[in-house]
Amino acid sequence: DVKVTQSSRYLVKRTGEKVFLECVQDMDHENMFWYRQDPGLGLRLIYFSYDVKMKEKGDIPEGYSVSREKKERFSLILESASTNQTSMYLCASTLGGQGAFGGELFFGEGSRLTVL
Amino acid sequence: RKEVEQDPGPFNVPEGATVAFNCTYSNSASQSFFWYRQDCRKEPKLLMSVYSSGNEDGRFTAQLNRASQYISLLIRDSKLSDSATYLCVVNPGNNRKLIWGLGTSLAVNP
């Protein structure tokens, strides 16, 4: 089975703190994604990556950065957390071969971040 | 008009019932479509993909109506374990980002 593992299920941080969310997938997938999910807003794409060291902005990249130094790992960084970044963060991966968005998305269990 | 629209529900149905959800999309050039299932406080998981007119998998049938720009999900013989939120996802093609609906909530009652 494909496994996407997110390092922290629940985090509580203070405004202004730097936050790292880590995601690792074990199926050699080309594409990796970071989404956030909020009630009434659904899933919104923050950043994605189709290759090591490559990154592309999604719909809401402001306030976030990402890092993909190895194929299996995609990190989301909040340089200075703010209360409006309180959310559920979901990492996902796809195999590739059908474009970045053509295949089944495999999600991690999510990281629920609260910024106080 | 939103790019992808779903009735949020909730749909409350008894066990054994047949229930159907629709999802409308605005981009007529959209290439492919997906239904994901999301349990409460869990991650979405792919339920079905729809690339042409439809797809069937056991009790679940997805149909695509390109003329009217909607996809449907039919669940027959509902089980308690079908209680979840069902997310409609549209791939607009040309390597553009997926468009997610807000989901339809289903509660199957004993």
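General observations
- In the range A:50-89, the residues that are away from chain B (no Cβ under 14 Å), closer than 29 Å to B:ASP7 by Cα and assigned to a loop (DSSP other than H, G, I, E, B): A:THR86
- Filter pass, A:PHE106 being within 14 Å of another protein chain (Cβ to nearest Cβ), in contact with a Lys or Arg (Cβ under 9 Å, 6 or more places away or on another chain) and either modelled with pLDDT under 95 or surrounded by 22 or more Cβ atoms within 10 Å (Cβ to Cβ) (or both): yes
- Residue within the range A:30-37 that is in contact with a Ser or Thr (Cβ under 8 Å, 6 or more places away or on another chain) and within 24 Å of A:LEU116 (Cβ to Cβ) present: yes
- Assessment of the range B:15-22 against the conditions (aliphatic (A, V, I, L, M) and within 10 Å of chain A (Cβ to nearest Cβ)) yields no matching residue.
- If you go through the range B:7-60 and keep only what is touching a residue at least 40 places away in the same chain (Cβ under 8 Å), of a type outside the set (D, E, K, R), closer than 22 Å to B:ASP77 by Cα and crowded, with 16+ Cβ neighbours inside 10 Å, you end up with B:PHE11, B:VAL13, B:VAL19, B:PHE21, B:ASN22, B:CYS23, B:PHE34, B:TRP35, B:TYR36, B:GLN38.
- Residue count for the range A:1-43, restricted to those that are of a type in the set (Gly, Ala, Ser) and either more than 14 Å from the chain's Cα centre (by Cα) or surrounded by 20 or more Cβ atoms within 10 Å (Cβ to Cβ) (or both): 3
- Filter pass, B:LEU98 being away from chain A (no Cβ under 14 Å) and not small (Gly, Ala, Ser): no
- Within the range A:83-102, being in contact with a Pro (Cβ under 9 Å, 6 or more places away or on another chain) and at pLDDT 80 or above holds for A:LEU90, A:ALA92.
- Members of the range A:10-49 found to be in a loop (DSSP other than H, G, I, E, B) and within 22 Å of B:GLN6 (Cβ to Cβ), listed by number: A:PRO39, A:GLY40, A:LEU41
- The single condition among (1) part of a loop (DSSP other than H, G, I, E, B); (2) under 16 Å from A:VAL4 (Cα atoms); (3) within 11 Å of chain B (Cβ to nearest Cβ) that A:ALA92 does not meet is (1).
- Residue in the range A:47-61 that is buried (at least 16 other Cβ atoms within 10 Å of the Cβ), basic (Lys, Arg) and farther than 22 Å from B:CYS40 by Cα present: yes
- All of B:SER72, B:SER52 fail the test of being among the hydroxyl-bearing types (Ser, Thr, Tyr) and more than 10 Å from the chain's Cα centre (by Cα), apart from B:SER52.
- A:ASN84 falls short on exactly one of the conditions (1) out of contact with any helix residue (DSSP H, G or I) (no Cβ under 8 Å at 6 or more places or on another chain); (2) closer than 24 Å to B:ASP39 by Cα, and that condition is (2).
The values are calculated or read from the model by the stated rules, or taken from the named source; none is laboratory data. Nothing here was measured: the structure is a model prediction, and the numbers come from that model. Neighbour counts run over all protein chains shown; Cβ positions are idealised from the backbone, glycine included.
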